[in-house]
Amino acid sequence: MTEGVLIDPATSPPPGGPAASRPVPRRGRVLRRLLRQPVPTGALAFLTLVVLLAVLAPWLAPFDPDRQDLLGRLQGPSAQHWLGQDDFGRDELSRLMFGARVSLLASLQAVAIGVLVGVTGGLLAGYVGGRVDSLLGRLVDMLMAVPGLLFAITVVTVLGPGLTNAMLAVGLLLTPPLFRVARATTRSVREETYIEASRALGFPTRRTVLHHVLPNMIAPVLVQITILLGLAITIEASLSFLGLGVQPPTATWGSMLSEANSYMAQAPHLIYVPGAMIALTVLSFSLLGDGLARALGTSRFAVAEKA
C-alpha cells in the first residue's frame, strides 16, 4: 500500500485481484457448525416442521377449525378425526394446525417488539453512555422489578384482551434481556481500536454503528432472540389459558389447553397434544439457542450473564 493512502478494507478488492479466492461467508460456516450438532439439528428440523404445518394449515387441515359437530363432542381419536374432537365437536388436529399459526405469529410479534425497543435502547445506551445509559438502565431495572405475568395481565386488563395487546405486553417483558445483552456487547465493542480509528477519521456515527458495532453484536443478540421465542410462546399460552389472549373461537395452543382443562376426566386426550406441542416447541427453541451459541463461538451462559 502506498504510504499516506488509506484503504477501506470493506471496499478494497481481495489480495491477488478479483480472481483470488474469497473466504467462506461467516453465515455459511455458522450453518455448517450448527448442522454438525445432532441435537440442535433435530430441534431445527422439528421447528421447521411446525412452521410448515402452520403455513400450510389452510391446505393440510382436514376440517374447518371452527366447524362444530355437537353429536361428536369429546370423542376420542378415530380414523376421521386423528386427534379426536373437543367439547364443541371441532376437529382437534385442524385446531392444532391453525393454533400453531397464531402461537408462532404471536411469538414473532412479541420478539419483534422486544428487539425494536430493547436492542435499539441497548445500542444507544452502550454507545452513548453517560446520562443516557443511566436513564435507560434505570427504566429497564424498574421493568424487571415487576413480576412478568402480573405485568402482562395488567397491560392486557388496561388495554383490553386480544392478540395485539397481549403481544405488546409480552414484547415489553422481553425488552430487558435484549437491552442488557445489546448494551453490554456495545460497550465492549466501543472500546476496540477500530472504533477509535473510525472516529478519528471523521466517519459519521451512523456509519460507525452500522458497519462496526452492529455486526459485532449480532451473535449474542441472535442467541438471545432464539431463546426468547420459546419464552414468548409460553407467556402467550399462559395469557390465552387465562382468557386474556386470543378470544374464542380462534384457536391457539393456550386456549386449547384452557378449554380442555374442564374435561380432563371425560376426555384427557384433549390436553395432551397442545401441552406436548408447547413443551416440545419451547424445548426446541432452547436447544437451537444452545447449538447456535456454540456455532457462533460464544456461550449461552455468557449471553445469560450479560442479560
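The values are calculated or read from the model by the stated rules, or taken from the named source; none is laboratory data. The structure presented is a predicted model; accordingly, all values stated were derived computationally and were not measured. Methodologically, a virtual Cβ is constructed for each residue, glycine included, from the backbone with ideal geometry; neighbour enumeration extends over all protein chains shown.
Residues that are surrounded by fewer than 21 Cβ atoms within 10 Å (Cβ to Cβ), touching a Lys or Arg at 6+ places or on another chain (Cβ under 8 Å) and at pLDDT below 85: list the helices (runs of 4 or more DSSP H) wholly contained in region 252-307 that include at least 1 such residues. Step through it out loud before you land on a result.
Details: elements: 253-261, 269-295, 300-306.
Output list reads 300-306.
In region 212-220, is there at least one residue being closer than 14 Å to Val181 by Cβ, among the polar types (S, T, N, Q) and free of Cβ contacts under 8 Å to residues at least 60 places away in the same chain?
Of all residues in region 212-220, those closer than 14 Å to Val181 by Cβ come to 213-214, 216-220.
Filter again for among the polar types (S, T, N, Q), leaving 216.
Then keep just the ones that are free of Cβ contacts under 8 Å to residues at least 60 places away in the same chain; that gives 216.
Scanning region 212-220, I find at least one residue that is closer than 14 Å to Val181 by Cβ, among the polar types (S, T, N, Q) and free of Cβ contacts under 8 Å to residues at least 60 places away in the same chain, so the answer is yes.
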*Could you tell me which of the residues Leu150, Leu108 is surrounded by fewer than 15 Cβ atoms within 10 Å (Cβ to Cβ), within 17 Å of the chain's Cα centre (by Cα) and on the phi < 0 side of the Ramachandran plot?*
Leu108
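Mind checking which residues of region 42-84 are aromatic (Phe, Trp, Tyr) and free of Cβ contacts under 8 Å to residues at least 40 places away in the same chain? Quick ask: steps written out before the conclusion?
Within region 42-84, the first condition is being aromatic (Phe, Trp, Tyr), and the residues that meet it are 46, 59, 63, 82.
Correct list: Trp59, Phe63, Trp82.
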*Identify, from the list Leu174, Leu168, the residue that is surrounded by fewer than 23 Cβ atoms within 10 Å (Cβ to Cβ), closer than 28 Å to Ser258 by Cβ, under 19 Å from the mean Cα position of the chain (by Cα) and of a type in the set (A, V, I, L, M, F, W, C).*
Leu168
